[in-house]
Amino acid sequence: MGSYMLIKINQYDAHGGPSNQKLGGDGQMQTSTREGRYVINSIGKHVSYGKYAYWSGVAWGTEMRLTGEITMVKNYGIWIRLTDVNPQWGKYKDNQKYLTGMIKQRYLEDYGLSNFPDHWVFNDFGHTSVKYFKDTNHNWRMDGKEQIMGDFIHTTPPDERLTSIKKADQISLSESHGCIHVKPLDIDTMIGNGYLKKGNTIEVHSYAEKTIPVNLTRSIARPPFEVHFYPGIFKIAIYRVSQKN
């Protein structure tokens, strides 16, 4: 038996990837959220540099403005053209009017508003992300050959929109590509309560597990909290951690 006692104190809705890999509606593969015990390395806004570098190449909440017909974003405190952010947006550098029209159309489709947005609300990974790693040497730090997992905890633009218009009760979390989707208000609560915090443990359980235990024991753990995701029942459970006498 383990030397640490875990007692469940809270739970939240969450949705991972499919139990079996499949092709998603966006043309990208949807994979299962990987089972295991991990340690949180960082919490912050996600920026993509690969296949999601269009809408997710700009951090959520980045200030925006129009200069004539040119879309400008405030990048690290400096106003630059959106087309200077990365090569993907750079493809529109000679067609600024079209690009601005595309931004307006996306804003209209997502928010039903015909004006130009003053903040970037298109990042696929929402207003904050929680990234974690496999702690192979159990020192609670990312070192050696340890790397950030491709799976992480985040929100989505549709759920952010419903939250912004005070309709968070209508959120129905979508299946992910392997990450863990949570509601915007819930991720803020979990961060605010110290459940999601750098150095805390996240455990992803098997899809076959269909109940949330009230108590668990683990041989390696660290107080005060652990976050446990049960992908088979779409829940995150929070456990208080204490060392057994």
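The values are calculated or read from the model by the stated rules, or taken from the named source; none is laboratory data. Here the structure is a predicted model, which is why all the values come from computation and not from measurement. Cβ sites come from the backbone with ideal geometry, for glycine too, and all protein chains shown count toward neighbours.
Just for segment 38-60: of the residues that are in contact (Cβ under 8 Å) with a residue 60 or more places away in the chain and loosely packed, with under 15 Cβ neighbours inside 10 Å, which one is nearest to H127 (Cα to Cα)?
Result: G44.
Checking the structure you have, find out if any residue of segment 126-135 is closer than 22 Å to K197 by Cβ and over 17 Å from the mean Cα position of the chain (by Cα).
Checking segment 126-135: at least one residue is closer than 22 Å to K197 by Cβ and over 17 Å from the mean Cα position of the chain (by Cα).
Can you go through Y132, Y107, Y111 and tell me which one is outside the structural domain of Q88 (by TED's automatic domain parsing) and on the phi < 0 side of the Ramachandran plot?
Going through Y132, Y107, Y111 in turn, the sole match is Y132.
What number goes with the only condition from (1) assigned to a loop (DSSP other than H, G, I, E, B); (2) in contact (Cβ under 8 Å) with a residue 24 or more places away in the chain; (3) closer than 25 Å to E160 by Cβ that D135 does not pass?
Failed condition: (3).
Can you pull out every residue in segment 112-132 that is among the aliphatic types (A, V, I, L, M) and at pLDDT below 95?
Hit for segment 112-132 is L113, nothing else.
Can you name the residue in segment 224-245 that is surrounded by fewer than 12 Cβ atoms within 10 Å (Cβ to Cβ) and outside any strand (DSSP E or B) and is also nearest to the chain's Cα centre (by Cα) among such residues? Even if it seems obvious, please write down each step before you answer.
First, the residues of segment 224-245 that are surrounded by fewer than 12 Cβ atoms within 10 Å (Cβ to Cβ): 243-245.
In the following step, the residues that additionally are outside any strand (DSSP E or B) were identified as 244-245.
Values: K244: 33, N245: 37 Å.
Only one residue fits best here, namely K244.
Within segment 29-54, count every residue that is farther than 23 Å from V227 by Cβ and not hydrophobic (A, V, I, L, M, F, W, C).
Step one: filter segment 29-54 for residues farther than 23 Å from V227 by Cβ, giving 29, 47-54.
Among the residues that remain, those that are also not hydrophobic (A, V, I, L, M, F, W, C) are: 48-52, 54.
Within segment 29-54, residues that are farther than 23 Å from V227 by Cβ and not hydrophobic (A, V, I, L, M, F, W, C) number 6.
Can you say whether I212 is more than 16 Å from V39 (Cβ to Cβ), surrounded by 16 or more Cβ atoms within 10 Å (Cβ to Cβ) and over 16 Å from the mean Cα position of the chain (by Cα), as far as the supplied structure shows?
Yes; evaluated as a whole, the condition is true for this residue.
Can you find, within segment 44-74, the residue that is farthest from Q96 (Cα to Cα) among those that are outside any strand (DSSP E or B) and of a type in the set (K, R)?
Looking at residues that are outside any strand (DSSP E or B) and of a type in the set (K, R), I get K45.
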